[in-house]
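So the structure is just underneath, and the comments pick up after that.
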Amino acid sequence: MKKTRLWLVGALVCVLCGAGVLTNCDGGKKDVAAVVSATDDSSEFVNITDVVPDVILEIRYFSTYNFVGQRIDGYEEPTALLTRQAADSLKVVSDEVGKMGYRLKIYDAYRPQKAVDHFVRWAEDLKDTKMKQYFYSDLDKNVLFPQGYIAEKSGHTRGSTVDLTLFDMKTEKELDMGGTFDWFGPESHPDFCGNPETGEYTGDNRMSPANRSITAEQFAHRMILRRAMLAHGFKPVDTEWWHFTLKDEPFPETYFTFPVKKL
């Protein structure tokens, strides 16, 4: 694989962490002594729609409806890319939920480093809060770095992470998950109001600063997606119900730079 650039993680320590550790926004931490590579080689990636033809795409970062409020750098077309391995696993998930009357709807998949850099610049501009009411109304923008919502590295850039939900073919609407994609707050946590390991709904909303809650039905909908993803090789994070990464991702130390457009 062609490498266009190599750098030490120590030179790019994530703003979310103290010296010595890099956080990849998917729960994993790397020692700064590790070497991380960057490349613009897209040869091991596929268009998700070529592998999962019935998937629905709503690529938020190609649009202006996202927490930044404008199209994000690196998104040249409203499409979704993944590594071949991740796309193949997602096809199995799609087949399973399809039998239940659902389709997969994808908000984001592979995310180029250029886009992550755009997020960082936006987060540093504390005066730009035009999308606050839609995505982080309970938070001051200056806490987005310390609380882990924005980082200098993202698991999406390794190419095997996907943000998605379920689309109900009977109602022709997204399944009600009790919260919007990219909401910055505890309401987005998979364990909000329930136990994701057992699927038990508790109704406990003490984590929400606004005393919000989700219903038992909404929690159950989140669990349908979670169980299907985990059953076919993906792992979740504890802060976003929509976010999953292939457990055996093929490029765990590589961050890709090519733009999002059809291959």
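The values are calculated or read from the model by the stated rules, or taken from the named source; none is laboratory data. Note that the coordinates shown come from a computational prediction; the quantities given were computed from them, not determined experimentally. Every residue, glycine among them, receives a Cβ derived from its backbone with ideal geometry; neighbour counts consider all protein chains shown. The protein model used for the area step is the full one, side chains on, heavy atoms only, and it has no ligands, DNA or RNA in it. Shrake-Rupley method; radii C 1.70, N 1.55, O 1.52, S 1.80 Å.
Within the stretch 112-136, the set of residues being closer than 19 Å to Pro186 by Cβ, over 20 Å from the mean Cα position of the chain (by Cα) and part of a loop (DSSP other than H, G, I, E, B) is empty. Being over 27 Å from Val46 (Cβ atoms), over 20 Å from the mean Cα position of the chain (by Cα) and of a type in the set (D, E, K, R) is a condition met by no residue of the stretch 157-169. Screening Ala34, Ala38 for residues that are at pLDDT below 95 and open to solvent by 10 Å² or more (accessible area, probe 1.4 Å) leaves exactly one candidate, Ala34.
Tell me whether the stretch 200-213 contains one or more residues that are modelled with pLDDT of 95 or more and open to solvent by less than 50 Å² (accessible area, probe 1.4 Å). No, the stretch 200-213 contains no residue that is modelled with pLDDT of 95 or more and open to solvent by less than 50 Å² (accessible area, probe 1.4 Å). Which residues, counting only those in the stretch 90-110, are under 18 Å from Thr157 (Cα atoms) and either open to solvent by 70 Å² or more (accessible area, probe 1.4 Å) or not aromatic (Phe, Trp, Tyr) (or both)? Matches in the stretch 90-110: Leu90, Ile106, Asp108, Ala109. Of all the listed residues (Val260, Val237), the sole one being surrounded by fewer than 21 Cβ atoms within 10 Å (Cβ to Cβ) and within 16 Å of the chain's Cα centre (by Cα) is Val237.
Considering Asp88, Asp54, the condition of being more than 26 Å from Trp122 (Cβ to Cβ), in a helix (DSSP H, G or I) and of a type in the set (D, E, K, R) is satisfied by Asp88 alone.
Could you list, ordered by first residue, the pairs with Cβ atoms under 7 Å in which the first is in the stretch 233-252 and within 22 Å of Phe167 (Cα to Cα) and the second is assigned to a strand (DSSP E or B) and of a type in the set (Asp, Glu), at least 6 apart or interchain? Here the result reads Trp242/Asp163; His243/Asp163, each pair linking the stretch 233-252 to a residue that is assigned to a strand (DSSP E or B) and of a type in the set (Asp, Glu).
Restricting attention to the stretch 124-143, does a residue exist that is open to solvent by less than 10 Å² (accessible area, probe 1.4 Å) and either modelled with pLDDT under 95 or among the aliphatic types (A, V, I, L, M) (or both)? Scanning the stretch 124-143 turns up no residue that is open to solvent by less than 10 Å² (accessible area, probe 1.4 Å) and either modelled with pLDDT under 95 or among the aliphatic types (A, V, I, L, M) (or both). Scanning the stretch 78-109 for residues that are touching a helix residue (DSSP H, G or I) at 6+ places or on another chain (Cβ under 7 Å) and farther than 22 Å from Glu174 by Cα yields Leu82, Asp88. Against the condition more than 13 Å from the chain's Cα centre (by Cα), assigned to a loop (DSSP other than H, G, I, E, B) and under 27 Å from Met229 (Cβ atoms), how does Lys153 come out, does it pass? No.
Taken over the stretch 214-234, the residue count meeting the criterion of being open to solvent by 10 Å² or more (accessible area, probe 1.4 Å) and assigned to a helix (DSSP H, G or I) is 10.
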